[in-house]
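Everything below concerns the one structure shown next.
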Amino acid sequence: MIEIGAQVDLSHPPDRVWLALTDRQLIGRWFADAETVEGVPDRLLLHTAGLPGFEANVEVEVTERREPELIVLACDEAGRLSELTCAVTATKQGSRLEIREVTTHGAWSAEQHEPREQQLRQALTVRLPAILDWLAFQQVDLRRGDGGMTAELPLVGASGGPARARRRRRQVAAALVGVVAVGGVAAWVALPAGSEQRAAPPSAASPSPSATPVEVAATPRPTTSARPSRTAASPPARPSRNPSAKPSPTLTSAPPPPPPLTASYDTDSSRLFGYTGEVVLGNPAATAVEGWVVVVSLADGSTVDDADGADWRQNGRSVTFTGAAVPAGGSQTFRFDVRDNRPKAREPETCTVDGNPCAGL
């Protein structure tokens, strides 16, 4: 039994991926031209002859079907039989497609196996994502209003709705914080001048009690007026010595700084007009690390469409990511989708965590 397998993460919902797997015309766009077999339902003839790893056309028949999760095909390539399983799983980014083909009669030669698997991987990582992007574009309403260009285009895909909702919640939260801050400043500015004058008398009143004993003591003996002045000056000298002595042992006993965070970058999946980047943060310290900052420099013309596991903002080609604390001795992962209007968009040029370079770039 010889097996060929491939897996790809896609930024599209399972129902759109299912359509690309089952529609005859769409199959012809990303894999091979297909035609129905007359008189036999659920059977197609794939024109694979001449493709790398294929010696003849493949006749396929559906043996199991659970929309939009699973489809199993019995394949016949000139007497060589195999079973092809396509499984679609929903993910936070969209969906994951896993394809596995196992021979049930006959076998592929060594010259066929590797080119056949490469052909399948190229179809899944390049041509299929391009078709899915094209399908998503068909669902965008470019003529929503009569006033010319639309003010906002909807994001199509499983991650579009929640991402936009998260961004709107962050914008609302930022607006509320801004209102509270402005209200506090306005209250401070509006304080009446009399409030400062009312606060002044306690500081001015403190000398008056000390003056009264001096004045009373001056009647029987003038020399006693100098002694209270020296007695009043001595207490401030004692606190001044104590604070200067305490910080010195604190500085000498300060623990060494914790080791810095580590980060590694990887391109999780590629497609015709973009890719998904993944950054894994590692914390070798014995305490959790908060306030980390990851800065990714994209290639010219690339933009971040969404991120999962971190907050982000983009300024030109520089994208800054922040997020929750990384646990002690643990790790934290976040992903981000990059869009580019050029085929086969380039990966990021640089990646740093707290100013230190990420591994993988």
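The values are calculated or read from the model by the stated rules, or taken from the named source; none is laboratory data. These numbers come from a predicted model, not from an experiment. Glycine also receives a Cβ, built like all others from the backbone with ideal geometry; neighbour counts cover every protein chain displayed. Heads up: the accessible areas ignore ligands, DNA and RNA and are worked out on the full protein's heavy atoms, side chains in. Shrake-Rupley method; radii C 1.70, N 1.55, O 1.52, S 1.80 Å.
Each Cα pair under 8 Å and six or more residues apart adds its separation to the average, and for the range 1-62 the resulting relative contact order is 18 percent. Loop-located trypsin sites (Lys or Arg not before Pro) in the range 270-361 (DSSP state not H, G, I, E or B) with no more than 14 neighbouring Cβ atoms inside 10 Å: K344, R346.
Roughly how many percent of the accessible protein surface of the range 1-98 is carbon and sulfur, given a 1.4 Å probe and a whole-percent answer? Could the numbers behind the result be given before it?
Working: 2340 of 5040 Å².
After summing per-atom areas, the C and S share lands at 46 percent.
For the range 257-361, which whole percent of the accessible surface, found with a 1.4 angstrom probe, sits on carbon and sulfur atoms? Don't skip to the answer; put the middle values down first.
On the way: 2520 of 4930 Å².
The computed percentage sits at 51.
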